[in-house]
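K.L.:
I'd like to ask you about the structure that follows.
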Amino acid sequence: MNQRRILVVDDEPQIQRFLNPALTASGYEVILAATGAEAERLAATSAPDLIILDLGLPDKDGKEVIETVRAFSEVPIIVLSARDREAEKIASLDLGANDYVEKPFGIGELLARIRTALRQYAAGTSVPSRFEANGLVVDMVKRVVTRNGEEMHLTRKEYQLLVHLVLHAGMVVTHRQLLASVWGAAHVHDLQYLRVFVGQLRAKIEDDANNPQFIRTEAGVGYRFIAE
């Protein structure tokens, strides 16, 4: 009775034929759209719990659909993106998409991203007081970070960067989003600055900063905090 509804927006029949039974078998109700206009109409009238959106639609750019939907809804949007459209992935995320999955993709990865997006959406705007994953604990009340019981001494910016990442655990966060959140709008182009701080943070919380367990790089796009 609590079946989640997913709107799949893709004009490729093979993608629809693949996703429809796969998502249905995983317990989701699926509605399909092949154009941007149809997607916008269904997003407004069918109350989907999540949207899977291809960027290359026949009538309009998928980024336009994101902008339109974000004007009236915060429903999670997962973008399907070709590997060579890095700039479009970044633009989509900055416009309000929650995540992206590269084509070709595996259903297991997509289902994991769907679960993460739905879980975060269900949590709403509430901010947890404590985050814990694989021995890393971030106490947001005491502003203390420990790893396997040992306190990590972070600078103010390192702590803010870590908190922003863990609050979006499992989701990709763009360079621009991180820089604007932690350093302010005037620093959204200071990519090297961000890389330095991510490196410092990894050196403190990771077992091996060269093979990070927590803070994964999304090449050319941003970072994803892994909380499994």
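The values are calculated or read from the model by the stated rules, or taken from the named source; none is laboratory data. Since the structure is predicted, the reported quantities are computational estimates derived from the model, not experimental observations. With ideal geometry, Cβ positions are generated from the backbone for all residues, glycine too; neighbour counts draw on all protein chains shown. Side chains included, ligands, DNA and RNA excluded: accessible areas come from the protein's heavy atoms. Shrake-Rupley method; radii C 1.70, N 1.55, O 1.52, S 1.80 Å.
K.L.:
Would the chain count as rounded, prolate or oblate if I go by the C-alpha gyration tensor, calling it rounded below 1.5 in a/c and otherwise prolate when a/b exceeds b/c, oblate otherwise?
P.N.:
Judged from the Cα gyration tensor, the chain comes out prolate (a/c at least 1.5, a/b above b/c).
K.L.:
Highest first, please rank the peptides 55-62, 186-193, 85-92 by the mean number of other Cβ atoms sitting within 10 Å of their residues.
P.N.:
Top to bottom by mean Cβ count within 10 Å: 85-92, 55-62, 186-193.
K.L.:
Also, quick follow-up: Please build a GNM for the chain, connecting alpha carbons under 10 Å apart, and tell me which residue among 54, 99, 207 fluctuates the most.
P.N.:
Top of the fluctuation ranking is 207.
K.L.:
If a paramagnetic tag sat 7 Å from the Cα of residue 60 along the Cα-Cβ line, which residues of region 68-88 would have the backbone N under 15 Å from that point?
P.N.:
68-73
K.L.:
If you take the square roots of the eigenvalues of the alpha-carbon gyration tensor of region 1-135 and sort them as a ≥ b ≥ c, do you get rounded (a/c under 1.5), prolate (a/b over b/c) or oblate?
P.N.:
rounded
K.L.:
Right, next: With a 1.4 Å probe and every protein chain kept in, tell me what percent of the accessible surface of region 1-116 is carbon plus sulfur.
P.N.:
50
K.L.:
Also, quick follow-up: If the label point is 7 Å along Cα→Cβ of residue 22, which residues in region 67-101 have backbone nitrogen under 16 Å from it?
P.N.:
Hits in region 67-101 for residue 22 at 16 Å: 78-83, 100-101.
K.L.:
Taking 0.36 nm per residue of separation and subtracting the Cα-Cα distance, what length does fully extending residue 130 through residue 203 add?
P.N.:
Gain on stretching residue 130 to residue 203: 24.1 nm.
K.L.:
While we're looking at this one, here's another question. What's the extension gain from residue 186 to residue 142 if we count 0.36 nm per residue and subtract their Cα-Cα distance?
P.N.:
Working it through step by step, the gained length comes to 12.9 nm.
K.L.:
Under the rule of at least 5 residues apart or a separate chain, name every residue whose amide H is placed under 5 Å from the amide H of residue 144.
P.N.:
139
K.L.:
May I ask for the net charge around residue 190, where only other residues with Cβ less than 15 Å from the Cβ of residue 190 are counted and Lys, Arg are +1 while Asp, Glu are -1?
P.N.:
+3
K.L.:
Please calculate the 1.4 Å probe accessible area of residue 173, with all protein chains present, and give it to the nearest 10 Å².
P.N.:
10
K.L.:
Under the definition of Cα pairs under 8 Å and six or more residues apart, what whole-number percent is the relative contact order of the chain?
P.N.:
Once divided by the residue count of the chain, the mean separation gives 13 percent.
K.L.:
Keeping all protein chains in place, calculate the accessible area per residue for region 96-160 (probe 1.4 angstrom), answer in Å².
P.N.:
Per-residue value: 56 Å².
K.L.:
Kindly provide the helix-only [θ] at 222 nm of the chain, computed as the sum of -39,500 (n - 2.57) over DSSP H runs of four or more divided by all residues, to the nearest 500 deg cm²/dmol?
P.N.:
Helix contribution divided over all residues of the chain: -12500 deg cm²/dmol.
K.L.:
For residue 82 and residue 11, calculate 0.36 nm times their separation in residues minus their Cα-Cα distance, and state this gained length in nm to one decimal.
P.N.:
Length gained, residue 82 through residue 11: 24.1 nm.
K.L.:
Shifting gears a bit: Going by amide H atoms built from the backbone, whose H comes under 5 Å of the H on residue 101, apart from near neighbours?
P.N.:
The answer is 79, 80, 81.
K.L.:
Same structure, new question: If a paramagnetic tag sat 7 Å from the Cα of residue 122 along the Cα-Cβ line, which residues of region 29-57 would have the backbone N under 16 Å from that point?
P.N.:
29, 49-51
K.L.:
Once R0 is set to 35 Å, what does the formula 1/(1 + (r/R0)^6) return for the Cβ-Cβ distance between residue 193 and residue 35, expressed as a FRET efficiency to the nearest 0.05?
P.N.:
0.25
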